[in-house]
Amino acid sequence: MEYRRVGDSGLVVSEIGFGAATFGGVGEFFGAWGDTDVEAAQHIVKRCLDAGVTLFDTADVYSDGASEEVLGAALRGIRDEVVISTKAALPTSPGDWGTSRPRLLRAVESALHRLNTDRIDLFQLHGYDAFTPIDEVLQTLETLVTQGKIRYVGASNFSGWQLMKSLARADSGHRPRYVAHQVYYSLAGRDYEWELMPLAREEGVGALVWSPLGWGRLTGKIRRGAPLPERSRLHTTADAGPPVDDERLFTIVDALEIVAAESEHTVAQVALNWLLGRPTVSSVLIGARDEAQLVQNLGAAGWRLTAEQVGRLDRASAVDAPYPYFPYYRQEGFATLNPPMV
């Protein structure tokens, strides 16, 4: 297992982190991802620690807070060995949403209680709140950092201008800046590369990748001409996840299968390993409904794809650059001034 700094901060995490969204099993949407109880979570946590995983990520909306409760119980007695990341901003009940000062103060206190800890190592805003001034958000986060209740701050699912404006206001006010950006990124969804990745490298923001297997589409169980597996959560959550064209998906899966056979790894391990080699990625968050699935995903660490294999996967998953980026990739002069990062 490799360990990496999160952006330009002093926070160090394992290159593979564990996403605890499958813990709890409460609620209709976020609770539909899994129903891991405390006993099963303890076994999963031990497997993670044995493999060198140090980062455990959750959020207040996962299973209506039950994910944090189960994770906190599973980490009892080993709190100092791990990095806990959680998030808040999305609605947890009618009228209780956003990142206003009272909401953030309440959210952090509640998370500390559910996680059974005295501090959160990385606290991230789960989305951008356009109703609350950025300065109010940053002032509140500064208060929580000063109090020792959170150690580092980050964002999740921000657009480029939202993240850049927040970083600029943090710098001008000498307040804690976001060191992490939790983002969707996979071979099936490479939008992160056009704006957010260059911004992250320029500003020293580390990417924590969620849904690295393309919302369950790159597990190796979905193939051209084959029916959707019975256990797949895509039966109930496909419409809520990031979209991907079927033909493009199957082209990617075809390439993954070839590389998997060459490297003697699974399709999922190859898809995860590809992400581990991308610029700005600090950690790739994997989930698991059971230990068998966890062990398979952990097998993505400890080896690297060849440059030729990476190139093949890049080409299979490539999409046209959107405006205003496409001129830089079509005209030689612009390409020289603005070389692609990937």
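The values are calculated or read from the model by the stated rules, or taken from the named source; none is laboratory data. Since this is a predicted model, take the numbers as computed values, not measurements. Ideal geometry is used to build each Cβ from the backbone, glycine not excepted, and the neighbour counts take in all protein chains shown. We work out accessible area using only protein heavy atoms, side chains counted, and drop any ligands, DNA or RNA first. Shrake-Rupley method; radii C 1.70, N 1.55, O 1.52, S 1.80 Å.
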Positions within segment 60-76 being in contact with an Asp or Glu (Cβ under 8 Å, 6 or more places away or on another chain) and either part of a helix (DSSP H, G or I) or among the small types (G, A, S) (or both), in sequence order: Y62, E68, V70
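Which ones in segment 77-112 are assigned to a helix (DSSP H, G or I) and either of a type in the set (V, I, T) or at pLDDT below 95 (or both)?
So in segment 77-112, the residues assigned to a helix (DSSP H, G or I) come out as 79-81, 101-112.
Correct list: V108 only.
From the set of residues in segment 89-106 that are aliphatic (A, V, I, L, M) and either over 16 Å from T143 (Cα atoms) or over 24 Å from the mean Cα position of the chain (by Cα) (or both), which is least open to solvent (accessible area, probe 1.4 Å)? Steps first, answer last, please.
Our first condition is that a residue be aliphatic (A, V, I, L, M); within segment 89-106, this holds for 89-90, 104-105.
Next cut, either over 16 Å from T143 (Cα atoms) or over 24 Å from the mean Cα position of the chain (by Cα) (or both) only: 89-90.
Numbers: A89: 11, L90: 53 Å².
By that ranking, first place goes to A89.
Every residue, every condition in (1) buried (at least 20 other Cβ atoms within 10 Å of the Cβ); (2) at pLDDT 95 or above, yes or no:
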{"residue": "L196", "(1), (2)": "yes, yes"}
{"residue": "P212", "(1), (2)": "yes, yes"}
{"residue": "R224", "(1), (2)": "no, no"}
{"residue": "E257", "(1), (2)": "no, yes"}
{"residue": "V267", "(1), (2)": "yes, yes"}
{"residue": "R278", "(1), (2)": "no, yes"}
{"residue": "S282", "(1), (2)": "yes, yes"}
Cβ-Cβ under 7 Å pairs, at least 6 apart or on other chains, segment 124-144 side under 21 Å from I84 (Cα atoms), far side part of a helix (DSSP H, G or I) and open to solvent by 10 Å² or more (accessible area, probe 1.4 Å): L138/R169; T140/R101; T140/L105
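So, G189, is that one farther than 18 Å from V244 by Cβ and open to solvent by less than 10 Å² (accessible area, probe 1.4 Å) or not? I'd like the intermediate steps shown before the answer.
Values: farther than 18 Å from V244 by Cβ: no; open to solvent by less than 10 Å² (accessible area, probe 1.4 Å): yes.
No: the conditions fail for G189.
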Just checking, how many residues over segment 241-255 are in a helix (DSSP H, G or I), surrounded by fewer than 15 Cβ atoms within 10 Å (Cβ to Cβ) and either without any contact (Cβ under 8 Å) to a residue 24 or more places away in the chain or under 21 Å from the mean Cα position of the chain (by Cα) (or both)? 2
For residues that are touching a residue at least 24 places away in the same chain (Cβ under 8 Å) and out of contact with any strand residue (DSSP E or B) (no Cβ under 8 Å at 6 or more places or on another chain), tally how many sit in segment 167-190. 7
On the basis of being in contact with a helix residue (DSSP H, G or I) (Cβ under 6 Å, 6 or more places away or on another chain) and either open to solvent by 10 Å² or more (accessible area, probe 1.4 Å) or within 25 Å of G206 (Cα to Cα) (or both), does T22 make the cut? yes
